[in-house]
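Colleague: I have a structure I would like to understand better, so I am pasting it below and will then ask my questions one at a time.
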């Protein structure tokens, strides 16, 4: 009988709390595999402290300083601690070989290239999504997120998103980015609805995590979400709908 | 008994003539599948005329005008004419199902995303490789290629490649691009040497076509090629070496 994996995620004020596209990749991964887990909610200012305590390394540097990030997991069944969603996915594939594969044999190189390609299409999204993300955080995370993003962009977080005609132009770029991603899926249409055909893999959960992020930060009734829903013949709402069953985990350990 | 497929390629002055990264994708594809073909060599100024004659459509527009390109094929066995390497690859997979697959089932969407990701890493290469390509063309293609690229870049083709410290900086970007591609392969190292593991697929032939291009335009003894060979622990020479048997086709129809 497996002990629940500890899954470190960042909370918010929205129902269910989960919102971060990066941690969603791991939440989806755990749910897809049907592995028992417990979420440990960590506010932004506590990520470094918690990371050091559980023993994960910085995933990046920012301004010359080590940068700690989530998702991370601690698996008490193997006494393993890991940070970064793709590494976690590979670990889960290897450690629990009888669960559905996030990286089917032979697909790792191509899936990693895919994640690069996908991220490169989202260049225009951040300026809209970061300020919106800030509005759903708890107070301590909000202050931290504001401070770090204002430093990066050199302006108040409320001023990061463009307005007027610049807004229209930049939002059109977001739409074009999603259009390119839709184009890839169209090329494989005969293979199935997912990036590797009939069954979802890590690539799909990466995409779904970003779409879900948009839905969570703007809300289902927002003009932004309604706009996204209208793109590519409704592809994106349908895409996350198809993976909806992996938004939640095994009932027995749901918290 | 299959009749040879007509394969439309662009000639050059180097041994074997083939040099273009785009047409190499199709040459590799045909050889990988062991299909009989005959090369029809088409100089740049004749591409539009030949395309209209065989009935292929423009693949792009340039300056508001239709732009015709190669590779194209005419398959007399099915009376099919096609342009563009990925479309040709898919056609060959479908039409000759008993030959090795360029797009194994379920991999089309991800391979198309891969090609986008791969091309995005080559941004700094063109300024070096286009002028070098021009030096190996036959006179009529040289004049045409020079005219069209000088129009695009707004300078003499000999002046497109940067010099001095700018050259060093831009060449470092080329190296970084190859480094990123190597990074993807490293992630899948345990799966095999290719992008989908043990066997080459279309993604590998795309990459190999661009590496081969570098080797062909600069020559095996050039400083550029020696530099590329030294990157990523010799990955790139080894990569095309592993696919060398697909550089040539069935002996019976070799011309």
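The values are calculated or read from the model by the stated rules, or taken from the named source; none is laboratory data. Values in this document were obtained by computation on a predicted structure and should not be read as measured data. Please note: Cβ atoms are built from the backbone with ideal geometry, for glycine as well, and neighbour counts cover all protein chains shown.
Colleague: What number of residues within segment B:55-87 satisfy the criterion of being buried (at least 17 other Cβ atoms within 10 Å of the Cβ) and in contact (Cβ under 8 Å) with a residue 40 or more places away in the chain?
Modeller: 9
Colleague: Which count do you get for residues in segment A:72-95 that are touching a helix residue (DSSP H, G or I) at 6+ places or on another chain (Cβ under 6 Å) and at the interface with chain B (Cβ under 9 Å from one of its Cβ atoms)?
Modeller: Residues flagged as touching a helix residue (DSSP H, G or I) at 6+ places or on another chain (Cβ under 6 Å) and at the interface with chain B (Cβ under 9 Å from one of its Cβ atoms) within segment A:72-95 amount to 0.
Colleague: Answer yes or no as to whether residue B:36 is in contact with a strand residue (DSSP E or B) (Cβ under 9 Å, 6 or more places away or on another chain), surrounded by fewer than 21 Cβ atoms within 10 Å (Cβ to Cβ) and closer than 17 Å to residue B:249 by Cα. Give the steps one after another, and end with the answer.
Modeller: On the way: in contact with a strand residue (DSSP E or B) (Cβ under 9 Å, 6 or more places away or on another chain): yes; surrounded by fewer than 21 Cβ atoms within 10 Å (Cβ to Cβ): yes; closer than 17 Å to residue B:249 by Cα: yes.
Yes; evaluated as a whole, the condition is true for this residue.
Colleague: Quick one: count up the residues across segment A:152-191 that are touching a strand residue (DSSP E or B) at 6+ places or on another chain (Cβ under 9 Å) and away from chain B (no Cβ under 14 Å).
Modeller: 1
Colleague: If you don't mind, another one. When segment B:192-211 is examined, which residues are found to be more than 8 Å from chain A (Cβ to nearest Cβ) and part of a helix (DSSP H, G or I)?
Modeller: Passing the criteria: B:202, B:204, B:205, B:206, B:207, B:208, B:209, B:210, B:211.
Colleague: Could you tell me which residue of segment B:96-124 is farthest from the other protein chains (Cβ to nearest Cβ), considering only residues that are under 22 Å from residue B:161 (Cα atoms) and either out of contact with any helix residue (DSSP H, G or I) (no Cβ under 9 Å at 6 or more places or on another chain) or surrounded by fewer than 19 Cβ atoms within 10 Å (Cβ to Cβ) (or both)? Let's see the steps before the verdict.
Modeller: To start, the set of residues in segment B:96-124 that are under 22 Å from residue B:161 (Cα atoms) comprises B:118-124.
Going one step further and asking which of them are either out of contact with any helix residue (DSSP H, G or I) (no Cβ under 9 Å at 6 or more places or on another chain) or surrounded by fewer than 19 Cβ atoms within 10 Å (Cβ to Cβ) (or both), we end up with B:119-120, B:122-124.
On the way: B:119: 10, B:120: 6, B:122: 13, B:123: 11, B:124: 15 Å.
Taking the candidates together, the pick is B:124.
Colleague: Let me ask another. Among the numbered criteria (1) away from chain B (no Cβ under 14 Å); (2) modelled with pLDDT of 95 or more; (3) under 16 Å from the mean Cα position of the chain (by Cα), which single criterion is violated by residue A:35?
Modeller: Against the list (1) away from chain B (no Cβ under 14 Å); (2) modelled with pLDDT of 95 or more; (3) under 16 Å from the mean Cα position of the chain (by Cα), residue A:35 comes up short only on (3).
Colleague: Mind listing whichever residues of segment B:216-231 are surrounded by 17 or more Cβ atoms within 10 Å (Cβ to Cβ) and within 18 Å of the chain's Cα centre (by Cα)?
Modeller: B:216, B:217, B:218, B:225, B:228
Condition check ((1) surrounded by fewer than 21 Cβ atoms within 10 Å (Cβ to Cβ); (2) in contact with a helix residue (DSSP H, G or I) (Cβ under 8 Å, 6 or more places away or on another chain); (3) more than 21 Å from residue B:86 (Cα to Cα); (4) in contact (Cβ under 8 Å) with a residue 12 or more places away in the chain) across all residues:
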{"site": "B:128", "(1), (2), (3), (4)": "yes, yes, yes, yes"}
{"site": "B:136", "(1), (2), (3), (4)": "yes, yes, yes, yes"}
{"site": "B:150", "(1), (2), (3), (4)": "yes, yes, yes, no"}
{"site": "B:181", "(1), (2), (3), (4)": "no, yes, no, yes"}
{"site": "B:211", "(1), (2), (3), (4)": "no, yes, no, yes"}
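Colleague: Going by the conditions given, is residue B:140 at pLDDT below 95 and either under 17 Å from the mean Cα position of the chain (by Cα) or within 30 Å of residue B:48 (Cβ to Cβ) (or both)?
Modeller: Details: at pLDDT below 95: no; either under 17 Å from the mean Cα position of the chain (by Cα) or within 30 Å of residue B:48 (Cβ to Cβ) (or both): yes.
Here the answer is no, as residue B:140 does not meet what is asked.
Colleague: Just the residues that are in a loop (DSSP other than H, G, I, E, B) and farther than 27 Å from residue A:122 by Cα, please, taken from segment A:21-60.
Modeller: Looking only at segment A:21-60, we keep the residues that are in a loop (DSSP other than H, G, I, E, B), and these are A:34-36, A:42-43, A:55-59.
The answer is A:34, A:35, A:36, A:55, A:56.
Colleague: Quick check on residue A:236: is it part of a helix (DSSP H, G or I), touching a residue at least 24 places away in the same chain (Cβ under 8 Å) and surrounded by 14 or more Cβ atoms within 10 Å (Cβ to Cβ)? Steps first, answer last, please.
Modeller: On the way: part of a helix (DSSP H, G or I): yes; touching a residue at least 24 places away in the same chain (Cβ under 8 Å): yes; surrounded by 14 or more Cβ atoms within 10 Å (Cβ to Cβ): yes.
Answer is yes for this residue.
Colleague: A further question on this structure: Keeping to segment B:1-20, report how many residues are farther than 18 Å from residue B:212 by Cα, in contact with a helix residue (DSSP H, G or I) (Cβ under 8 Å, 6 or more places away or on another chain) and part of a loop (DSSP other than H, G, I, E, B).
Modeller: 1
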